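Right, one structure below, let's go through it.
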């Protein structure tokens with residue numbers, strides 16, 4: 001059997017549905033082997049688009065997403081995607097080509113040490129030096145990518161190895177169960193929670209799994225303990241719930257931090273230090289229970305007093321089964337915090353000015369989207385407003401990146417989400433800066449006949465950095481640029497373009513696009529001029545009064 005055929009059979013045995021990417025000369029044997037495979041090749045217009053799609057596929061399914069590139073520049077274009085998946089805990093395999101390693105007549109043309117380049121930003125990287133090694137290398141890569149904590153892995157598949165013959169058999173997959181927490185840690189956690197006066201539940205990225213969400217829902221229902229979320233923990237529990245206090249989109253000074261500061265015990269479930277700190281611990285401050293698959297990464301602002309290590313869903317189930325609600329718990333303050341937060345945001349959500357305020361924009365998107373619809377975000381200051389103000393009702397229905405926080409991932413993420421969930425409404429919200437970094441994937445979306453809605457918040461500048469620039473007291477400089485006509489731009493690819501000219505048009509336009517299958521792009525001018533005052537001053541002043 002040809003080694004490239006064996007590679008495809010190994011991928012099929014792992015349950016691979018899609019391979020995203022751009023093949024090159026060094027991948028042509030593999031491409032030919034894929035031609036008759038049940039695996040579908042999704043040809044993209046840039047390797048970054050392929051990598052972001054593969055990572056998002058892994059995030060949504062829990063299975064390893066696979067992407068492919070050629071050597072040299074194709075492989076270097078996957079570096080950002082590798083870091084995106086690695087920091088974001090998304091299982092992803094990258095397969096890159098390489099010149100022949102036994103005999104090559106091209107010297108060092110396009111040759112770099114891709115395995116060495118990938119080593120610091122992946123969980124595993126290996127060059128296949130023999131066709132006989134394919135089954136074990138592929139099995140090991142998939143095993144490592146998917147085990148806790150999930151992340152990126154890489155295989156380099158040289159051109160001459162791909163063409164050689166092999167009779168090696170596939171390596172069967174093994175069944176692995178996650179370890180569960182020791183009963184002593186569970187008992188200690190129950191004792192600490194019951195002894196606390198004002199316990200608070202904090203839900204982070206590692207808890208964004210279906211079974212964990214179910215167990216946390218049961219825990220909250222039984223105890224009545226309120227909960228807050230990190231940006232990547234949104235939707236684990238329905239955020240329309242009366243016990244939801246808020247999201248830690250800002251690291252400090254928000255309404256939600258008044259609740260965190262009042263808590264004498266924080267049950268921190270799924271905390272991942274790749275996210276900006278949701279709160280800052282002090283040596284004489286509240287106690288923290290760390291519930292996670294892995295031990296805590298201790299730093300100056302995070303040093304939990306108890307660690308419950310093992311399968312998170314099982315840990316929460318054990319705690320829930322053993323705990324009893326306590327009459328001495330004082331939880332009313334948390335509701336006061338949430339009420340104050342809601343009162344403050346109402347005025348901005350109803351503001352009629354145009355260009356639109358980000359708070360009003362978030363409200364209109366939430367009104368138009370079904371409860372189980374998926375919104376993917378690129379990276380920009382609007383991410384903070386979505387984290388604070390967009391109510392997520394189910395896990396993984398608001399996909400944002402609070403780990404690498406890279407620009408350019410929003411559109412490819414939406415495309416992957418639609419492939420995984422073709423029955424769901426999918427919107428991506430991008431700033432004009434982030435959108436243009438991978439805007440060429442509109443052609444891929446049109447070619448695949450995906451029904452997605454791309455909304456561009458246009459401020460003709462790098463708005464997030466402008467906000468920081470203003471906060472530091474610097475003059476506006478070096479962050480403004482021009483844009484194409486986005487309506488004509490998407491139409492040139494075969495999609496449909498729209499531009500809103502008033503706040504009243506927005507909701508109806510989103511609804512129309514969601515109801516009409518096509519690749520839609522909506523150009524929405526946005527007003528970020530109040531960001532500095534609102535996020536850095538007003539919110540702090542109002543929350544300090546609680």
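So what is the calculated 222 nm ellipticity per residue for the chain, using -39500 (n - 2.57) for each DSSP H run with n of 4 or more, over all residues, to the nearest 500 deg cm²/dmol?
Details: 22 runs with 212 residues, N = 546.
Calculated at 222 nm, the ellipticity per residue is -11000 deg cm²/dmol.
Over all distinct alpha-carbon pairs, what is the Kirkwood Rh of region 350-537 in angstrom? The Cα-based Kirkwood calculation yields 16.5 Å. The alpha carbons of region 132-181 occupy a box of 47, 22, 8 Å along the principal axes, longest dimension given first. By the count of neighbouring beta-carbon atoms within 10 Å, fewest first, 328, 257, 271, 335 end up ordered 328, 335, 257, 271. Hey, what D do you get for the chain in µm²/s if you plug the Kirkwood alpha-carbon radius into Stokes-Einstein at 4 °C and 1.567 mPa s? The estimated diffusion coefficient comes to 53 µm²/s.
Mind grabbing the base-10 log of I(q)/I(0) for region 183-332 at q = 0.15, 0.20 Å⁻¹? Debye formula, identical points on the C-alpha positions, no solvent, two decimal places. With one equal scatterer per Cα and no solvent, log10 I(q)/I(0) is -0.67, -1.35.
When the Cα centres of region 286-359 and region 510-535 are compared, how far apart do they sit, in Å? Computed from Cα coordinates, the inter-centre distance equals 29 Å. Relative to the longest principal axis of the Cα atoms of the chain, helix 358-368 runs at roughly 70 degrees.
At a threshold of 8 angstrom on Cα-Cα distance, excluding pairs fewer than six apart, so keeping six or more, what relative contact order does region 183-332 reach in percent? If you can, show how the numbers build up before the last one.
On the way: 292 pairs, mean separation 46.5, N = 150.
Relative contact order for region 183-332 comes out at 31 percent.
Calculated on C-alpha atoms, the gyration radius of region 3-163 divided by its Kirkwood radius gives an Rg/Rh of 0.93. With the convex hull constructed from alpha-carbon coordinates only, region 253-360 shows a mean projected area of 9.4 nm² over all directions. Inter-part distance, region 113-181 to region 29-102, computed on C-alpha centroids, equals 13 Å. Our analysis of region 264-327 gives Rg over Rh at 0.98, with the two radii drawn from alpha carbon positions and Rh computed by the Kirkwood formula. Between helix 79-88 and the chain, what is the angle of the helix's C-alpha long axis to the longest principal axis, kept within 0 to 90° and rounded to the nearest 10? For helix 79-88, the angle is close to 40 degrees.
For region 3-163, the relative contact order comes to 27 percent (Cα pairs under 8 Å, sequence separation of at least 6). Taking all C-alpha pairs of region 364-457, those more than 22 Å from each other amount to 20 percent.
Each DSSP beta bridge with both residues in region 438-546 is either parallel or antiparallel, and the antiparallel ones are about 10%. Once the Cα atoms are used to define both axes, helix 3-13 deviates from the longest principal axis of the chain by about 30 degrees.
Take every DSSP beta bridge whose two residues both sit in the chain, then give the antiparallel share in percent to the nearest 5. Antiparallel bridges make up about 5 percent of those DSSP assigns within the chain. For the chain, the relative contact order works out to 13 percent when only alpha carbon pairs closer than 8 Å and six or more residues apart are counted.
Bear in mind that the values in this text are calculations on the coordinates, not laboratory data. What you see is a predicted model; the values in this text were computed from it and never measured. When we count neighbours, we look across all protein chains shown, and the Cβ atoms used for this are built from the backbone with ideal geometry, even at glycine.
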